[in-house]
Amino acid sequence: MATDIKAPSFPESVAEGTVAAWHKNTGDSVERDELIVEIETDKVVLEVVAPVAGILQEIKVQEGEVCDSEQVLGVLGVPKPETSFASEDESPDTVPDAVINESSTPASSDSVDLPTSDHEVKAPSFPESVAEGTVATWHKQPGEPVKRDELLVDIETDKVVLEVVAPADGTLKEIIVPEGTQVASEQVLATFSEGEASSVSGSLKTQETDEEAGAEQVGSVWLAPAARPLVAKHGLDPEKIKGTGKHGVILKQDVVDAINNGQAPYAAQSRQTASDPAAKSAGSTSAVTQSSVSTPGGERPEERVPMSRLRQTIAKRLVQAQQNAAMLTTYNEVDMSSVMALRSQYRDLFQKTHDIKLGFMGFFVKACTEALKRFPDVNASIDGSDIVYHGYQDIGVAVSTPRGLVVPVLRNTDTMKLADVESQIADFGKRGRDGKLGIDDMTGGTFTITNGGIFGSLLSTPIINPPQTAILGMHAIQERPIAVDGEVVIRPMMYVALSYDHRMIDGKDAVQFLVTVKNLLEDPARFLLNV
């Protein structure tokens with residue numbers, strides 16, 4: 001059965017690509033996910049990997065030739081199984097009965113010895129903009145059985161967390177790269193034995209027994225070796241975690257479940273001290289340095305941990321934005337009465353119709369979309385000495401995650417309905433918390449909205465997200481006295497802030513843009529009337 005090798009789906013701004021290099025020739029064998037060909041576009045080099053293992057049968061687009069999005073570049077064939085017999089005259093129909101019986105009879109009634117083959121577990125192919133990653137978490141330990149496509153390890157880059165899954169049913173044989181270690185693109189992380197997961201009945205039980213064998217007592221409970229680093233890393237109280245191992249031993253999965261379910265109790269101190277054996281174990285894999293100083297008032301524990309790649313990238317980009325842009329901020333305030341009344345009136349019907357809650361962000365996205373169409377300079381970006389005007393509105397929405405701030409992008413917001421915006425934002429939030437956002441979700445964007453109001457911020461100065469030239473900051477809604485038609489009334493007010501790059505945007509346009517957003521929000525009917 002033949003499988004087509006297709007070019008990737010090019011982004012909207014990329015019309016075509018050029019076949020830069022074939023890494024395999026016709027007739028070469030190829031492993032699944034092995035690099036086959038590189039496609040060069042005007043922005044990046046895209047890598048095409050084998051969808052299945054097989055033989056490269058045909059190359060349809062040669063090096064140097066132009067290709068379109070998702071065009072068939074070559075054909076991958078499945079290799080024929082090699083069958084050998086005692087002599088050339090024998091055929092499969094004449095194989096001696098003794099051979100058939102010997103190969104088809106299990107050695108015992110309790111186990112079946114299946115053929116195994118070792119595979120290398122490699123890091124994913126990183127995008128061109130990602131130089132390296134860090135092994136964040138191994139979800140399986142050597143000897144543990146795994147199913148095909150089951151998560152093995154997380155690789156943290158400066159943008160997203162990449163997941164590496166099992167290539168087949170089998171057993172994780174050896175971990176070559178421990179947690180906290182930097183890895184390059186396609187570096188070998190571990191070895192994997194295919195077929196061993198189902199070779200022995202009850203192998204999972206055996207594995208758990210082995211895990212429990214090295215358990216160590218901490219206080220009044222027993223911790224398995226794989227569980228101790230997690231407990232120390234997160235500063236948990238093991239005596240409040242329910243163990244499912246034999247005699248109540250706390251296994252690694254027990255700790256993971258407690259953390260994922262939000263039921264992980266913290267220890268009395270913020271972190272274990274360096275004298276704790278579990279803390280030492282954690283420090284050996286995650287480069288955590290802990291210390292405590294005894295004083296008359298008690299211990300004053302300190303902990304030094306490596307900054308995550310995402311946090312390093314956030315810090316770097318924010319500093320660059322302030323150093324490289326002529327950033328200025330203008331402020332205004334919005335009377336949220338109309339939006340809140342509309343939201344209150346249609347909240348239940350909206351949720352019943354669209355199966356999503358009606359929030360405030362959807363109104364701001366639609367208001368900013370309309371304002372961006374009226375002020376194209378605010379929707380533009382700077383590329384070197386060039387100004388790039390975008391004929392579309394892709395709005396990034398800042399999302400807070402346990403790993404830090406990320407900005408997934410809503411594409412073509414001009415064509416999105418309010419329900420589509422709210423649904424997409426809710427999906428971004430969920431996937432952000434679960435670490436499931438991909439690089440494609442966070443690339444591009446012509447404008448950004450950030451909402452510090454959900455954390456209680458009354459006023460702030462947002463920092464531009466390069467190469468964009470403006471960002472809108474939302475804040476908390478607070479009832480304040482204001483003058484309306486000569487009378488003092490109490491209204492729900494929100495301060496809004498627009499930070500902009502003065503190299504690109506004049507103060508007049510920035511102020512008028514923000515006033516337009518204010519007017520649209522204070523009279524949402526303008527969305528429908530386009531006025």
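The number of residues in region 440-450 being under 16 Å from Leu405 (Cβ atoms) and not in a loop (DSSP other than H, G, I, E, B) comes to 5.
Being hydroxyl-bearing (Ser, Thr, Tyr) and over 20 Å from Phe527 (Cα atoms) is the filter; apply it to region 386-431 and report the residue that is nearest to the chain's Cα centre (by Cα). Among those that are hydroxyl-bearing (Ser, Thr, Tyr) and over 20 Å from Phe527 (Cα atoms), it is Thr401. Of Val365, Val421, Val378, all but one fail to be assigned to a loop (DSSP other than H, G, I, E, B), touching a Leu at 6+ places or on another chain (Cβ under 7 Å), not assigned by TED's automatic domain parsing to the domain that holds Asn260 and not aromatic (Phe, Trp, Tyr); the exception is Val378.
Restricted to region 339-383, and to residues there that are crowded, with 22+ Cβ neighbours inside 10 Å and either free of Cβ contacts under 8 Å to residues at least 12 places away in the same chain or among the aromatic types (Phe, Trp, Tyr) (or both), the residue that is nearest to Pro524 (Cα to Cα) is Phe363. You will find that of Gly473, Gly432, the residue that is of a type in the set (Gly, Ala, Ser), surrounded by 18 or more Cβ atoms within 10 Å (Cβ to Cβ) and closer than 21 Å to Leu514 by Cα is Gly473 and no other. Do you know which residues across region 221-257 are surrounded by fewer than 17 Cβ atoms within 10 Å (Cβ to Cβ) and basic (Lys, Arg)? Answer for region 221-257, where residues must be surrounded by fewer than 17 Cβ atoms within 10 Å (Cβ to Cβ) and basic (Lys, Arg): Lys240, Lys242, Lys246.
For Gly445, state whether it is assigned by TED's automatic domain parsing to the domain that holds Asp414 and over 21 Å from Tyr392 (Cα atoms). Against the criterion (assigned by TED's automatic domain parsing to the domain that holds Asp414 and over 21 Å from Tyr392 (Cα atoms)), Gly445 does not qualify.
Considering Asp501, Asp485, Asp440, Asp506, the condition of being exposed (fewer than 15 other Cβ atoms within 10 Å of the Cβ), under 21 Å from Asp383 (Cα atoms) and at pLDDT 90 or above is satisfied by Asp506 alone.
For residues that are of a type in the set (Ser, Thr, Tyr) and within 28 Å of the chain's Cα centre (by Cα), scanning just region 336-382, find the one that is farthest from Ala325 (Cα to Cα). This residue is Thr369. Report whether or not Phe455 is under 30 Å from Ala136 (Cβ atoms) and of a type in the set (Phe, Trp, Tyr). Answer is yes for this residue. Exactly one residue out of Val61, Val52 is out of contact with any Phe, Trp or Tyr (no Cβ under 6 Å at 6 or more places or on another chain), assigned to a loop (DSSP other than H, G, I, E, B), touching a residue at least 40 places away in the same chain (Cβ under 8 Å) and surrounded by 16 or more Cβ atoms within 10 Å (Cβ to Cβ): that is Val61. Do you know which residues across region 384-401 are surrounded by fewer than 18 Cβ atoms within 10 Å (Cβ to Cβ) and either part of a loop (DSSP other than H, G, I, E, B) or at pLDDT 95 or above (or both)? Across region 384-401, the qualifying residues are Gly384, Ser385, Tyr389, His390, Gly391, Tyr392.
Yes/no per residue for (1) touching a helix residue (DSSP H, G or I) at 6+ places or on another chain (Cβ under 7 Å); (2) modelled with pLDDT under 70:
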residue: Lys280; (1), (2): no, yes
residue: Val293; (1), (2): no, yes
residue: Met307; (1), (2): no, no
residue: Ala315; (1), (2): no, no
residue: Ala325; (1), (2): no, no
residue: Val334; (1), (2): yes, no
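The residues of region 17-49 that are part of a loop (DSSP other than H, G, I, E, B), touching a Leu at 6+ places or on another chain (Cβ under 6 Å) and not β-branched (Val, Ile, Thr), listed by number, are His23, Lys24, Asp28.
For Glu65, the stated conditions do not hold, so it cannot be described as closer than 25 Å to Val130 by Cα, of a type outside the set (S, T, N, Q) and at pLDDT 50 or above.
Checking the stated criteria, Met336 turns out not to satisfy the condition of being in the same structural domain as Gln512 (by TED's automatic domain parsing) and in contact with a Ser or Thr (Cβ under 9 Å, 6 or more places away or on another chain).
Table: residues versus (1) modelled with pLDDT under 80; (2) more than 22 Å from Ala227 (Cβ to Cβ).
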{"position": "Ser111", "(1), (2)": "yes, yes"}
{"position": "Thr116", "(1), (2)": "yes, yes"}
{"position": "Lys122", "(1), (2)": "no, yes"}
{"position": "Val165", "(1), (2)": "no, yes"}
{"position": "Ala168", "(1), (2)": "no, yes"}
{"position": "Gln182", "(1), (2)": "no, yes"}
{"position": "Thr209", "(1), (2)": "yes, no"}
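Whether a residue is in a loop (DSSP other than H, G, I, E, B) and in contact with a Phe, Trp or Tyr (Cβ under 9 Å, 6 or more places away or on another chain) was assessed, and Ile464 passes this test.
The values are calculated or read from the model by the stated rules, or taken from the named source; none is laboratory data. Since we're looking at a predicted model, the values are computed, not measured. When we count neighbours, we look across all protein chains shown, and the Cβ atoms used for this are built from the backbone with ideal geometry, even at glycine.
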